[in-house]
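The values are calculated or read from the model by the stated rules, or taken from the named source; none is laboratory data. No experiment lies behind these values; they were computed from the predicted model shown. Cβ atoms come from the backbone with ideal geometry, glycine included; neighbour counts cover every protein chain shown. With ligands, DNA and RNA removed, areas are computed over all heavy atoms of the protein, side chains included. Shrake-Rupley method; radii C 1.70, N 1.55, O 1.52, S 1.80 Å.
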There are 2 protein chains.
Amino acid sequence: MSNELTELRKQMDDISLKILELLNERGNVAQQIGKLKEMQGVKRFDPVRERELLDLIASHNDGPFETSTVQHIFKQIFKASLELQKDDNRKALLV
Amino acid sequence: MSNELTELRKQMDDISLKILELLNERGNVAQQIGKLKEMQGVKRFDPVRERELLDLIASHNDGPFETSTVQHIFKQIFKASLELQKDDNRKALLV
């Protein structure tokens, strides 16, 4: 394998680990929001808020990924976050 | 809406935009790797490399997301990156 490819893969590893860290940081915030909503008796899933976030992504996307592509990835993140909040709730109910 | 929820949502927006920036940074590196592989006549999709990256994710995942969840999100990112490289190749062929 060429040195250049090794170097680029190293960069990719570093960026991937930073993304992983931020995903989990975001997961933590989602859990806090879930608990707050639970206390306030508000529904966890909020389509208006999700739309706002997707619009925020669209307005800040400089590429190279298409906006539809990054929005698709974020929808997966939203879904995972909602599952995380549901798990927390299930655990709370079992206590 | 409570101040606390507003504050948590602000944090979530900030983290989401950082993730977006890193996704595109990663997309740039993927494009460079794609061009390099094109020149070297190497196939873009490399299942061994993809496995390595998934293992790297697993070994660095501190939660709250399950490893299978973050790996699923990363698989979407890999897929999008591969599509990006294919688009570049298509554009290069049209020149």
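Taking only protein heavy atoms and a 1.4 Å probe, the accessible area of the stretch A:3-94 is 51% carbon and sulfur.
Of the three principal axes defined by the Cα atoms of chain A, the extents in descending order read 56, 32, 14 Å. How much net charge surrounds A:Gly34 when only the other residues with a Cβ under 9 Å from the Cβ of A:Gly34 are counted, with Lys and Arg +1 and Asp and Glu -1? Computed value for this residue: +2. Distances between equivalent label points of A:Glu7 across the copies, with each point positioned 7 Å along Cα→Cβ, amount to 4.5 nm, shortest listed first. For the chain pair A and B, buried accessible area totals roughly 5000 Å², probe 1.4 Å, rounded to the nearest 100. With R₀ set to 22 Å, the beta-carbon distance separating A:Asn89 from B:Lys75 gives a calculated FRET efficiency near 0.25. For chain B, the longest principal axis of the Cα atoms and the long axis of helix B:47-60 meet at an angle of about 20 degrees.
If r is the Cβ-Cβ distance from A:Leu5 to A:Arg49 and R0 is 35 Å, what FRET efficiency results, to the nearest 0.05? Before the final figure, lay out each step's value.
Details: r = 41 Å, r/R0 = 1.19.
With R0 = 35 Å, the Cβ-Cβ based efficiency is 0.25.
Relative contact order for chain A: what percent, with Cα pairs under 8 Å and sequence separation of 6 or more? Worked out over chain A, it gives 35 percent. Between copies, the label points at B:Leu82 (set 7 angstrom from Cα along Cα-to-Cβ) are spaced 2.7 nm, reported in nanometres from shortest to longest. Shown for B:Asp62: label points 7 Å from Cα along the beta-carbon vector, and their distances to the equivalent points in the other copies, 2.8 nm in ascending order.
Normalised per residue, the accessible area of the stretch A:3-94 is 56 Å², obtained with a 1.4 Å probe and no contribution from ligands, DNA or RNA. In summary, the lysines within cross-link reach of A:Lys10, defined as a Cα separation below 29 angstrom excluding same-chain residues under 8 places away, comprise A:Lys18, A:Lys75, B:Lys18, B:Lys35, B:Lys37, B:Lys43, B:Lys75, B:Lys79, B:Lys86, B:Lys91.
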